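No lab work stands behind these numbers, since they all come straight from the coordinates. Treat the numbers as computed from the prediction; the structure is a model and nothing was measured. No Cβ is skipped: glycine too gets one built from the backbone with ideal geometry, and neighbour counts run over all protein chains shown.
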Amino acid sequence: MSQRLYTTLTILVVFCVLVVGLMYANSNTENRDTIRLEVAKTFLQLMAIGVLGALVKWLFDQHTLARSRADALNEFRKEILRRLISVTNEVRKVPLLIESAQSAKTYGEQMRSLIDSRLELSFIRHELDTANQTFSNSSEVRAHLRTMELYLDELIDEFKDEYRNLSKKQTEKPEVVWSEIQKLPKLSDLRRGGEDSDYRTRYVLSYSSARDLMRQEIWVAVGVKRRAMDGE
C-alpha cells in the first residue's frame, strides 16, 4: 500500500472512530446495538476499500514496471542496431579510401580501421550472448554476425601477412606498391564487391539479415505490425 493511501485511510478511520465515539457516548442503551452494527459495517467497508485500493495500486505499479522494462529493452535493441549499422558503414568506406589513395600507408590505416570494426562486431555478439533474450531470434542474429566476423578475419589475416612487405616497398619502390595491393585476393574481393563476391554473399547478406531481424522486433515492440512495416 502506498504511503498516501495509508495516510488517507488512517485519517478516515480516526475520524470515524471519533464520530462513532461521540454518538455512542450520547446514545441510550437501545441505540447502542444499532451503532455497534453500523460501526462493524463501516469498518468492513473501509477494509474492502483499503484492500481494493492496495490491489489496484499494486496492479498499476506492476504494469508501469513491466512497461519500463520493455521500453529499456527496446532502447537497448536500438543501440545494438545503431552500432551494427555504424560498423558496416565503416567497412564500406575501407575499399573506397584504399582505392583513392593507392598507397601502402592508406591500406594500413584502413585495415586497422577494419580491425576495430571486427572487434566491435565481436563485442555486439558477446553482448547478445550474455543477454540472450534481447531478441526472440538472438541465436539467428548471432549466427549472421559470426559470418560477418569470419569474412573480416580473412581480410585481416591477409593484411597481417602482406603489410610489412608492402610498407617496405612503399619506401623502396613506391611505383609498384599499388600494383601489389591490387593483387591481394581478399582485398580485391572487397574492392570488387559484385553480386558473386564473398563480400556480397557472406558479409552484406548476413548484415542485411541481422539488421532486418533487429528492426522487425524493434518495430513490433512499439506496436507496428510486420505487414505495415514491410509495406505488404
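Computed from the C-beta positions of Arg215 and Lys93, the FRET efficiency with R₀ = 25 Å rounds to 0.65.
Neighbour counts of other Cβ atoms within 10 Å put Val220, Val94 in the fewest-to-most order Val220, Val94.
Note on Ala131 and Asp116: their simple-model spin labels are 2.3 nm apart, each label 7 Å out from Cα toward Cβ. Sorted fewest first by neighbouring Cβ atoms within 10 angstrom, Lys160, Lys186 come out as Lys160, Lys186.
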